[in-house]
Structures are given as C-alpha cells and as structure tokens.
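What follows is a set of notes on a single structure, which appears directly below.
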Amino acid sequence: MRKHLSHIFLVLLAAALSLVICGCGSIEKVKDIKVTSVGVESYSFSGLRTINAVLALGIDNPTFAFKVTDLNGILKYKGEDFAFYTADTIKVDKKCSKVYDLPCSATLSEGVSLKKALQIAQGNSLDGFTTDLEAKVKLKSGAGTTLKYKDLDLKQMAEGK
C-alpha cells in the first residue's frame, strides 16, 4: 500500500520539478536543462494523512546557477482535490550534472479518506491525475519569476508528452 502512494508521490514531484526547471526562462540554453533521474531516498508517514519524503533528483545543468523555491501544488483525481504537496528549496549549481536531495511532503485533502487514497493508488496508474502547481525560480543575480501551471496531466508528463 505504501509503495503505491509513494509511487504516485514520486511521479508527481518529478514531473512538477521537470516542468519548473525546464520552464524557468525563455533563453534557448534553458531547454538543455534536464532531470536525468529521480529516486526515493527515504519516506515516512506522519500520521495517517501525510507522507514526507526525500527525493534524489538528478539534474544535468549546462547553464547558469538557479534555485527553485516555494514549490507547492494540488494533486487532483478526476477533477477533485486529492492531496496538497510542497517541496523545499533546491539550489542547482551551474554547469554540472549531479544528484540533489529534495525534501518534500504531501497531505491528503480533507475529503479524501486513507481508504479511498489506497484504493486509488493500488491501481498504480496515473489515469485521472492532474496537478496545479506554483514555484518561484531565481537566478543567482536575484532575477526571477513565478511559474504557475493548471490542470497538468500526470500521465502525459510521466510519458514525456
């Protein structure tokens, strides 16, 4: 059961971070930034409604240093709020390829019971899952922007579409 929830959580944050990192500017070189791997270093449940995790996020960054802050969002299942998630700040070094530890957490929405969440997660499918997310991206110089996305389809994101 826990494996299924952590799988959905992993795919969600990997997809969200990929989108944020690749969307952090209009400069042509930014398109070369890639999320190369994602793994779960550790996870634990905090009560019956919250999962805390540390993701190992591989990033190949041939460009400038930047950081992603205030990443948060809502995971939806068939249009209904399913969980709220947040991730800590990640500082990406310039011109390097390395793995970063990223602490994050997700909490089930009020209308979602643990039983319902486990039933949905047991299918091990991303069908019906979408997300709204927001994050701030800042360069070392202090320039930055807030990125906002609505109703992103997790299945399409996981397939790279």
What spacing in nm lies between the two simple spin-label points modelled at Asp32 and Asp88, each 7 Å away from Cα in the Cβ direction?
-> 3.0
Inter-label distance for Thr69 and Val99, nm, one decimal - labels placed 7 Å from Cα along Cα-to-Cβ = 2.8
Listed here are the pairs Lys76/Lys115; Lys98/Lys140; Lys94/Lys150; Lys34/Lys140; Lys115/Lys136; which of them are more than 24 Å apart at the Cα?
-> Lys94/Lys150; Lys115/Lys136
Which whole-Hz couplings ³J(HN,Hα) result when phi for each residue of the stretch 126-131 is put into the Karplus expression 6.51 cos²θ - 1.76 cosθ + 1.60, θ = phi - 60°, listed in order with x for Gly and Pro?
-> 9, 4, x, 8, 10, 9
So how far apart, in nm, are the two label points at Ser46 and Lys148 if each is 7 Å from Cα heading toward Cβ?
-> 2.6
The long-range amide H neighbours of Tyr100, using H built 1.01 Å from N in the peptide plane and a cut-off of under 5 Å, are Leu57, Gly58, Ile59
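A short reminder: the numbers here are calculations on the coordinates, not readings from a lab. Fair warning: this is a prediction, and the values are worked out from it, not measured in the lab. Positions of Cβ are generated from backbone atoms using ideal geometry, with glycine treated the same way; all protein chains shown enter the neighbour counts.
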